[in-house]
Amino acid sequence: GVIEEVKRKAAYQAVDHHITNSVRLIGIGSGSTIEYVVERLLQRGKEANANFVFIPTSFQSRHLIVHNGLTLGDVDQYPEIDVTIDGADEVDENLNAIKGGGGCHLREKVVAEAAKKFIIVADYRKNSKTLGEKWKQGIPIEVISFAHTRVIAELKKLGCENPTLRMAKAKAGPVITDNGNLVIDAYFGLVNSPGELLRKIKLLTGVVEVGLFVDMTDVVYFGNADGSVSEKK
Ligand code: DER
């Protein structure tokens, strides 16, 4: 469909512009748009990818790297890398992002911070002026299970009406992250100060990581509805 086509175009442009011989260590995000990043790399052939090392951000991302015969690296071997490419659930006009729709934002943020350059690839549905405008599912928050009820109570005091434990679809009970934790989705309406909200949520006892990526993004490639790609810095 149109959405998949524009995701593909955005991903291809990001790869063509940033995965060059000037980089070697590449963080691979999670979700569906990132699959087109790998698709573009594979079009170049084995030789072209031989000197790259790919660092995963989730079980899914690791499978994408291994299954496609790309060289797998580890963030412990490479705590400082050249570039990380990832998707997002929503991006505001200052390139701050909501991430975690796929429940992978903790490792994604570790690998995004490890990179000299952090690039987001997304379709037009994620392109907003202010966070919370289009993405209504809430800010994903990874929490330890022991504290999840406490965190829900504290999120309500911060102004979230209905913080919700993310339930699994193909398994009874809640989603369990790659780190063995739970996810709470907390919608706060329009987020005019994402940095302030990030800090408030992060300080709640039991919170492991928050799906707000603030002042981290270097470039965003949006696939537009008309098939064009916008590069925002
Ligand atoms: O979970 C994440 O942060 C992912 O990047 C995800 O939200 C983006 O997913 P998509 O590329 O399938 O929209």
- Does anyone have the angle between helix 34-43 and the longest principal axis of the chain? Alpha-carbon axes, 0 to 90°, nearest 10? 10 degrees
- When the Debye formula is applied to the Cα atoms of the range 6-116, each taken as the same point scatterer, what base-10 log of I(q)/I(0) results at q = 0.11, 0.13, 0.15, 0.16 Å⁻¹? -0.30, -0.43, -0.58, -0.66
- Message: Under the rule of at least 5 residues apart or a separate chain, name every residue whose amide H is placed under 5 Å from the amide H of Ile55.
- Response: Ile26, Gly27, Ile28, Gly73
- Query: For the chain, what number results from the quotient of the Cα radius of gyration and 2.2 N^0.38 Å?
  - Reply: 0.99
- Query: Counting only protein heavy atoms and using a 1.4 Å probe, what share of the accessible area of the range 182-233 belongs to carbon plus sulfur, as a whole percent?
  - Reply: 49 percent
- Over 27 Å between C-alpha atoms is what I'm after, so list which of Lys9/Lys169; Lys9/Lys129; Lys116/Lys169 land there. Lys9/Lys169; Lys116/Lys169
- Exposure rank, largest accessible area first [Asp123, Asp74, Asp226; 1.4 Å]: Asp226, Asp74, Asp123
- Task: Using only Cα atoms, tell me the angle between helix 105-114 and the longest principal axis of the chain; keep it within 0 to 90° and round to the nearest 10.
- Result: 50 degrees
- Longest principal axis of the chain (C-alpha) makes with the long axis of helix 148-157 (C-alpha) an angle, in degrees to the nearest 10, of 70 degrees
- Enumerate the amide H contacts of Asp123 below 5 Å, restricted to partners 5 or more residues apart or on another chain; note that Pro and chain-start residues carry no placed amide H. Gly223
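The values are calculated or read from the model by the stated rules, or taken from the named source; none is laboratory data. Everything numeric in this text was worked out from a predicted model, so none of it was measured. Ligands, DNA and RNA are excluded from the accessible area calculation, which covers all protein heavy atoms including side chains. Shrake-Rupley method; radii C 1.70, N 1.55, O 1.52, S 1.80 Å.
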